[in-house]
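For reference, the structure discussed in these notes is given below.
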Amino acid sequence: MPRYVIERDYGQAEQEAMQNIGQRMKQVSQESFPDVSWEHSHVVSDETGIKSFCVYEAPDEERLRAHGDMVRHHTIVRIYEIADTVTPADFTT
């Protein structure tokens, strides 16, 4: 199944709101999107607010957008399909 990185924007969300959104993402997946699997997220912040880069496995981009619409409280900035994964071990010297 394809894997994706979803870039999300949460604006100036507080820590408690982020906890609630994370719980809602998991709940929505379990209840309504059993074919969508949340692997992990990297959460970052800057002067504009909080963003995340979340790795998901899903049948297609449309399914991820439907999941995000149901979760609410964030904006999907962009969805990237993962072409490959590399680590430093993949490059010998």
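Only the coordinates and a few stated rules stand behind these numbers; no lab work does. Since the model is a prediction, treat every value here as computed from it, not as a measurement. Note that each Cβ is placed from the backbone with ideal geometry, even for glycine, and that neighbours are counted across all protein chains shown.
For the reader, a short list of remarks on this structure follows.
- Positive dipole terminus of the chain, leading residue within 59, 73, 6 (C-beta point charges): 73
- At R0 = 22 Å, FRET efficiency that the Cβ-Cβ distance of residue 63 and residue 31 yields, to 0.05: 0.90
- Shape category assigned to region 1-43 from the gyration tensor of Cα positions, a/c cut at 1.5: oblate
- Candidate values (i) 3, 13, 23, 25, 16, 10, 6, 3, 1, 0; (ii) 3, 11, 12, 14, 18, 13, 9, 8, 6, 3, 1, 0; (iii) 3, 17, 27, 25, 18, 8, 2, 0, label of the one derived for P(r) over Cα pairs in 5 Å bins from 0, in percent: (i)
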